[in-house]
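Coordinate-derived values only; no laboratory data. In this text, all values refer to a predicted model and were calculated from it rather than measured experimentally. All Cβ positions, glycine included, derive from the backbone under ideal geometry; neighbour counts span all protein chains shown.
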Amino acid sequence: FEVKPGETLAILGPSGSGKSTLIHLLLRLYDYQSGSLTFDGVEMSELDRKWCRHQFATVMQEPFLFSKTIIENIRLGHPSAQEEEIAHVAQMAHIHDTIHQFPSGYKTLVGERGVTLSGGQRQRVALARALLREAPVLLLDDALSAVDTENEEVILDALKTRHGKRTTIVIAHRLSTLSHADKVIVLDSGRIVQSGTHEELCSRDGLYRRLWHIQKKADSISDETETTEAGKCT
């Protein structure tokens, strides 16, 4: 597969299909023994490992936050960033208003690994930190899994403003996260079994379409349950 500058690539696949392995190869956490993986036409294995990692801003499913203030955690992405720049990326990550609800705002101290924040809040702070770096490629490894659907939609709309300016690679299990991508590839057992846009893959028989119908059915059941619970009198 190929990802052009400024495009958004989405990656889907069951556990063990190779999604995280691909991310690890891009970050040079380990090197490939065969095949070819190039960055701007140059084999990754020939590039300096530190330089390679500086080309990517990464947000993992379980991001690490330090026992520092929120603004210090975000500023790690760009130590000389001004407060206006930090507020901007926090708004893109849809965490700015939440931060202002804390008594100390951006100076709120979070515990080691961000234990004083919810999972979704940690992910959004980590996303703001990654966006602040303005790296050529943004890697999201199931980075919105703990974010509710409403916040996710706002974040994805904000990320669309980067389209054409920065390359984005998204790994996710929630298919709504993938639907805005220029291209989706579906992995299974270490191989690409499908590729295309969300609309193209939904129109074809295959793993993507099956997963899409399963998730739509699950969401429908969840909505019906919430409606029923809301109408109960006790």
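Cα gyration tensor of the chain, axes a ≥ b ≥ c as square roots of the eigenvalues: rounded (a/c below 1.5), prolate (a/b > b/c) or oblate? Judged from the Cα gyration tensor, the chain comes out oblate (a/c at least 1.5, b/c at or above a/b). Candidate membrane-span-like segments in the chain, meaning DSSP H helices with Cα atoms spread over at least 18 Å of their own axis and a Kyte-Doolittle mean of -0.5 or above, are 119-133, with no membrane implied. Here region 133-170 and region 192-214 have alpha carbon centers that stand 21 Å from each other. Computed packing ranks the peptides 78-91, 168-181 as 168-181, 78-91, most packed first, by mean other Cβ atoms within 10 Å. A Förster radius of 30 Å, combined with the Cβ-Cβ distance separating residue 112 from residue 80, puts the computed FRET efficiency at roughly 0.75.
Dipole magnitude for region 1-54: computed about the Cα centre from +1 point charges on Lys and Arg Cβ and -1 point charges on Asp and Glu Cβ, it is near 260 debye. For the chain, the 222 nm mean residue ellipticity estimated from helices alone, with every DSSP H stretch of n ≥ 4 adding -39500 (n - 2.57) and the total spread over all residues, rounds to -11500 deg cm²/dmol.
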